[in-house]
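The values are calculated or read from the model by the stated rules, or taken from the named source; none is laboratory data. All of these numbers come straight from a predicted model, not from anything done at the bench. With ideal geometry, Cβ positions are generated from the backbone for all residues, glycine too; neighbour counts draw on all protein chains shown.
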Amino acid sequence: MIQVNNITKVYGKEKTLAVNDVSFSVKEGELFGLIGPDGAGKTSIFRMLTTLLLPDGGSATVNGFDIVKDFKQIRNSVGYMPGKFSLYQDLSIEENLNFFATVFNTTVEENYHLIKDIYIQIEPFKKRRAGKLSGGMKQKLALCCALIHKPTVLFLDEPTTGVDPVSRKEFWEMLKRLKAQNITIVVSTPYMDEATLCDRIALIQEGKILSIDTPAAITASYPDELIALKSEKMSALLKALNEFPKIKSVYAFGEYAHAAFQESGVTEEEIKTYLTTQQIALLEFKKIEATIEDCFIGFLKN
Amino acid sequence: MRIIGFLLRKEFSQIFRNKSILALIIVMPVMQLIILPLAADYEVKNINLAVIDNDHSTYSQRLISKITASGYFKLAGYNASFKDAFALIESDKADLILEIPQHFEKNLIRENKQQVFIAVNAINGTKANLGGAYLAGILRNYNADLRLQLISPSKVDPLPVIEITSSNWFNAYMNYRVFMVPGILAILVTMIGGFLSALNIVKEKEVGTIEQINVTPIKKHHFILGKLIPFWVLGNVVFTVGLLVSWLIYGIIPVGNLLVLYGFIWVYLLAILGFGLLISTYCETQQQAMFIMFFFMMIFILMGGLFTSIDAMPPWAQLIAKFNPATYLIEVMRMVILKGSHLRDVLPHLGKVFLFAIVLNTWAVINYKKTT
């Protein structure tokens, strides 16, 4: 459905590499996630795939159409929801939707089945101007507008950034329902916890792809045994663990410190004794499965 | 066509929703047309005059009263010496000094000639020029009066004199407002058209809506036409309101054919809207567009022959004026409204403005990219 081959984008006089030799492919009906921090190059990739930006190297096809030569066909067949809300704030929900349906030469009625689930949630406010909507409602409206022409591929650039946790959860459920309608979805997000909701993900950092696989395969490939430790004094704990002879890596992860040790492994007793000498009381010690975030940090360290 | 229809509906509903802009579009021209022509008056009155009368004779008194009776001059000082009078100029209380020498009356009668001295404060060029000219005119007049009085009418005047009489055409009373109102209306139409169109596309860029438009299959020329037409209509509304104001307040009724006037405005609006669009394609923010537009507006206004005659400009400035579309509108407005010129007379102007419209719009369409 989407095939990206060694695509590159360079910005400005400093020749900053925003996208560096990126290749990946997305299958039909797949929910594909681009996961990476801000400035990783996610938006640049989206803008190139939606024909808003010309690549400086490499090539890509969407729906079999070349992103440079066949931009017209691509514009007819993809839906794009930019990271920044970019509908007309001074038009109402209804007017925005009608407008975008019309410019794609279709009507709201024709593809209503696609947006029905989402639209009924904002329908009570359909006379309200888009600028006066809450963040979650704006996202829903933007998604409706991106869907109204029945695109075969949907590009969602950070759709959940700045949206509350409940709306985020709802949003991902909507995406699952859309996937069921056989729409290919490419979504980007800086939230690692959303990665597991995708079929396949690409971890991206500084314009380069670190790994592409299913979330399960990526977490399974984490090389070390991961242990979560908890103490009252987090910074002291991190410092002490860093000086521990058998340590491989340690970093803060929420209220825990995630640590990986050398091949021989360690026992809880061993750590406890060591930490006591450092005047740190260990509250918790447990073996855990690596999350996507652990994998991401692991890739960055290598 | 259907797409354009919808784009227009969208633009108009956005314009009508922005109440403050709408009010500005209507109220601004009315206010400016009412206030500006009253203030921008070239007829200089109240010129402050300092007089040094070294003669204190009947004749010198008569000259002074003639000057003050003219209505143009106000006696700011009646000084004993040039030094005192000059102090008045220095403190900006006087614009002109008239010095009447000693034995003014005696020499005038005995030797049939006499000189007076006029010193002009030239800081305010217009006031100085006109003041000097008015004063010279009054002196000439005074001179003629004296001749009549001194030379007995029975004698035939030995010197042939060319007497100049003039009659003012198209603006019989030399009313400055009649001349200014059409020019100011021309500038208003230019400003409304230029600013609205320049800011509109840039606003879409700034808010990000252009991104969403760019991924749609809307064609470039559809999008640009969708932007041009609403402002073209608004430009016509502003122009009509302006014409009504100049009729109701100043009693100016176009002497020429209204259709010629509107026909010219239609083409002119295309040119100026194209210019606004062109600027908007080069700018990223409304602030940038605003400042660039201001830069050009200043040139359009000051080098378009509104206040100063283009013929009086140096050659390089005349060349710039030729590339200023406002020049042609101001000229045509005055031609048609005051002189009643026909289509035939304004055809060269129309041709040039049409050329502006073609070049600017083509440039704007080419430069408006849907991809970067």
For this session: Read through the list (1) charged (D, E, K, R); (2) over 30 Å from A:THR16 (Cα atoms); (3) assigned by TED's automatic domain parsing to the domain that holds A:ILE122, then give the number of the only condition that A:LYS248 fails.
Result: (3)
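Any idea which of B:GLU111, B:GLU99, B:GLU105 is more than 30 Å from B:PHE307 (Cβ to Cβ), without any contact (Cβ under 8 Å) to a residue 12 or more places away in the chain and over 32 Å from the mean Cα position of the chain (by Cα)?
None of the others qualify; the one that does is B:GLU111.
Under the condition of being of a type in the set (Val, Ile, Thr) and out of contact with any helix residue (DSSP H, G or I) (no Cβ under 6 Å at 6 or more places or on another chain), which residue from the range A:10-36 is surrounded by the most Cβ atoms within 10 Å (Cβ to Cβ)?
We begin by selecting, within the range A:10-36, every residue of a type in the set (Val, Ile, Thr); these are A:10, A:16, A:19, A:22, A:26, A:35.
Imposing the further condition that a residue be out of contact with any helix residue (DSSP H, G or I) (no Cβ under 6 Å at 6 or more places or on another chain) reduces the set to A:10, A:16, A:22, A:26.
Working: A:VAL10: 15, A:THR16: 11, A:VAL22: 25, A:VAL26: 21.
Among residues in the range A:10-36 that are of a type in the set (Val, Ile, Thr) and out of contact with any helix residue (DSSP H, G or I) (no Cβ under 6 Å at 6 or more places or on another chain), the one surrounded by the most Cβ atoms within 10 Å (Cβ to Cβ) is A:VAL22.
For A:GLU194, state whether it is at positive phi and touching a Gly at 6+ places or on another chain (Cβ under 9 Å).
no
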For this session: Scan the range A:95-121 for residues that are surrounded by 17 or more Cβ atoms within 10 Å (Cβ to Cβ), in a helix (DSSP H, G or I) and without any contact (Cβ under 8 Å) to a residue 60 or more places away in the chain and jot them down.
Result: A:GLU95, A:ASN96, A:LEU97, A:ASN98, A:PHE99, A:PHE100, A:ALA101, A:THR102, A:VAL103, A:ILE115, A:ILE118, A:TYR119
Problem set entry | Scope the range B:174-191; condition modelled with pLDDT under 85 and among the hydroxyl-bearing types (Ser, Thr, Tyr); matching residues | B:TYR176
Exercise. Is at least one residue of the range B:36-50 surrounded by 12 or more Cβ atoms within 10 Å (Cβ to Cβ), farther than 30 Å from B:VAL245 by Cβ and in contact with a Gly (Cβ under 7 Å, 6 or more places away or on another chain)?
Worked result: yes
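Within the range B:240-254, is even one residue free of Cβ contacts under 8 Å to residues at least 60 places away in the same chain and surrounded by 18 or more Cβ atoms within 10 Å (Cβ to Cβ)?
Scanning the range B:240-254, I find at least one residue that is free of Cβ contacts under 8 Å to residues at least 60 places away in the same chain and surrounded by 18 or more Cβ atoms within 10 Å (Cβ to Cβ), so the answer is yes.
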Exercise. In the range A:62-76, how many residues are under 18 Å from A:SER44 (Cα atoms), free of Cβ contacts under 8 Å to residues at least 60 places away in the same chain and in a strand (DSSP E or B)?
Worked result: 1
Exercise. For the range B:208-228, what are the residues that are at the interface with chain A (Cβ under 7 Å from one of its Cβ atoms) and β-branched (Val, Ile, Thr)?
Worked result: B:THR209, B:VAL215, B:THR216, B:ILE218
Problem set entry | Residue in the range B:1-23 that is nearest to the chain's Cα centre (by Cα), counting only those that are within 19 Å of B:ILE224 (Cβ to Cβ) and more than 11 Å from every other protein chain (Cβ to nearest Cβ) | B:PHE12
Problem set entry | Leading residue by the ranking (farthest from the other protein chains (Cβ to nearest Cβ)) among those in the range A:132-181 that are outside any loop (DSSP other than H, G, I, E, B) and of a type in the set (Val, Ile, Thr) | A:VAL166
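Please count how many residues of the range B:137-173 are among the aromatic types (Phe, Trp, Tyr) and modelled with pLDDT under 75.
Result for the range B:137-173: 2.
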Seminar exercise, completed: A careful count of residues in the range A:80-100 that are more than 27 Å from the chain's Cα centre (by Cα) and within 11 Å of chain B (Cβ to nearest Cβ) gives 6
Exercise. Out of the range A:243-255, which residues are closer than 16 Å to A:THR277 by Cα and exposed (fewer than 13 other Cβ atoms within 10 Å of the Cβ)?
Worked result: A:GLU243, A:PRO245
Exercise. Among the residues of the range A:223-263, which ones are outside any helix (DSSP H, G or I) and of a type in the set (Lys, Arg)?
Worked result: A:LYS230, A:LYS233, A:LYS246, A:LYS248
For this session: State yes or no: is A:SER59 surrounded by fewer than 16 Cβ atoms within 10 Å (Cβ to Cβ), among the hydroxyl-bearing types (Ser, Thr, Tyr) and either assigned by TED's automatic domain parsing to the domain that holds A:THR161 or assigned to a loop (DSSP other than H, G, I, E, B) (or both)?
Result: yes
Problem set entry | The lone exception for A:PHE71 - which of (1) more than 23 Å from B:LEU8 (Cα to Cα); (2) within 13 Å of another protein chain (Cβ to nearest Cβ); (3) buried (at least 23 other Cβ atoms within 10 Å of the Cβ) it fails | (3)
Problem set entry | All positions within the range B:181-218 that are among the charged types (D, E, K, R) and without any contact (Cβ under 8 Å) to a residue 24 or more places away in the chain | B:GLU204, B:GLU211
Problem set entry | Residue that is nearest to A:ALA195 (Cα to Cα), among those in the range A:30-56 that are among the hydroxyl-bearing types (Ser, Thr, Tyr) and in a helix (DSSP H, G or I) | A:THR43
Exercise. Which one of the conditions (1) surrounded by fewer than 17 Cβ atoms within 10 Å (Cβ to Cβ); (2) touching a Cys at 6+ places or on another chain (Cβ under 9 Å) does A:LYS208 fail to meet, given that it meets all the rest?
Worked result: (2)
Exercise. Given the residues A:SER59, A:SER77, which is the only one that is polar (S, T, N, Q) and within 14 Å of chain B (Cβ to nearest Cβ)?
Worked result: A:SER77
Exercise. When residues of the range A:186-206 are filtered for being in contact with a Pro (Cβ under 6 Å, 6 or more places away or on another chain) and either within 15 Å of A:SER221 (Cα to Cα) or hydroxyl-bearing (Ser, Thr, Tyr) (or both), how many remain?
Worked result: 2
